[in-house]
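Take a look at the structure set out below.
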Amino acid sequence: MIRSEILRDIAPILRDHLVICNIGLPSQELHMIDDQPTNFYMLGTMGLSSSIGLGLALSQPKTVISIDGDGSVLTNLGTLPTIANNVADNYILLIIDNGSYGSTGDQPTYAGKKTKLEKVAVACGCENVLVCRDVDTGKVLQEAIDSKKMTVIVVKCDSGNIKLPVITMDPVVIRDRFMKAVSA
């Protein structure tokens with residue numbers, strides 16, 4: 001499976017939660033698959049989905065799921081010790097590890113080589129770190145939500161992108177409708 005297929009598979013699970021989605025193609029894919037006011041699409045900040053999601057989880061009680069890529073997590077490795085040291089049991093970091101920088105042309109990442117993000121997360125102090133195959137993402141994500149424990153999930157999948165248009169929704173509209181969903 002590629003990232004867009006995983007997003008299509010887990011969209012029904014995501015609907016009931018606040019979602020912060022990674023820059024570029026992941027946001028475009030989720031927007032196309034199942035646009036929801038509870039989805040916050042990152043349009044220009046690589047590596048910050050996990051940080052923004054953690055901040056949101058710490059500030060309110062609803063479940064927050066950050067969808068990030070291996071490339072983005074690698075560009076902001078400081079997010080993993082921050083997550084480990086600021087436990088929010090309503091927070092899930094879902095890292096879709098396709099071994100590439102998908103939004104910039106599928107250049108290989110170090111996660112596609114020797115670096116194992118699950119081991120990095122554990123070394124940073126994250127206590128509940130799971131690894132799953134792409135086809136098991138929905139099951140593992142639902143179990144993490146049900147556990148009510150902060151969880152880092154690393155999903156191993158194939159690299160690849162689908163062709164789709166950019167999100168034409170104004171960023172202010174994305175922000176405002178998301179803030180309204182957070183407050184609801």
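The values are calculated or read from the model by the stated rules, or taken from the named source; none is laboratory data. Keep in mind that this is a model prediction, so the values were computed, not measured. When we count neighbours, we look across all protein chains shown, and the Cβ atoms used for this are built from the backbone with ideal geometry, even at glycine. For accessibility, only protein heavy atoms count, side chains too; no ligands or nucleic acids. Shrake-Rupley method; radii C 1.70, N 1.55, O 1.52, S 1.80 Å.
Give region 130-180 a look and list any residue that's in a strand (DSSP E or B) and at pLDDT 95 or above, or say none. Passing the criteria: LEU130, VAL131, CYS132, ARG133, THR151, VAL152, ILE153, VAL154, VAL155, LYS156.
Tell me which residues, restricted to region 94-129, are among the polar types (S, T, N, Q), crowded, with 18+ Cβ neighbours inside 10 Å and in a helix (DSSP H, G or I). Hit for region 94-129 is SER103, nothing else. Can you spot a residue in region 95-103 that is at pLDDT 95 or above and aliphatic (A, V, I, L, M)? Among the residues of region 95-103, at least one is at pLDDT 95 or above and aliphatic (A, V, I, L, M), which makes the answer yes. Of the residues making up region 131-172, those that are over 22 Å from SER100 (Cα atoms), of a type in the set (Ser, Thr, Tyr) and open to solvent by less than 70 Å² (accessible area, probe 1.4 Å) are SER147, THR151. The set of residues from region 34-89 being among the hydrophobic types (A, V, I, L, M, F, W, C) and more than 17 Å from LEU18 (Cβ to Cβ) comprises LEU43, MET46, VAL73, LEU74, LEU77, LEU80, ALA84, VAL87. In the set (1) in contact with a strand residue (DSSP E or B) (Cβ under 7 Å, 6 or more places away or on another chain); (2) of a type in the set (S, T, N, Q); (3) surrounded by fewer than 22 Cβ atoms within 10 Å (Cβ to Cβ); (4) at pLDDT below 95, the condition left unmet by THR45 is number (1).
Annotation: of all residues in region 9-24 being assigned to a helix (DSSP H, G or I) and in contact with a Leu (Cβ under 9 Å, 6 or more places away or on another chain), the one that is nearest to ILE96 (Cα to Cα) is ILE10.
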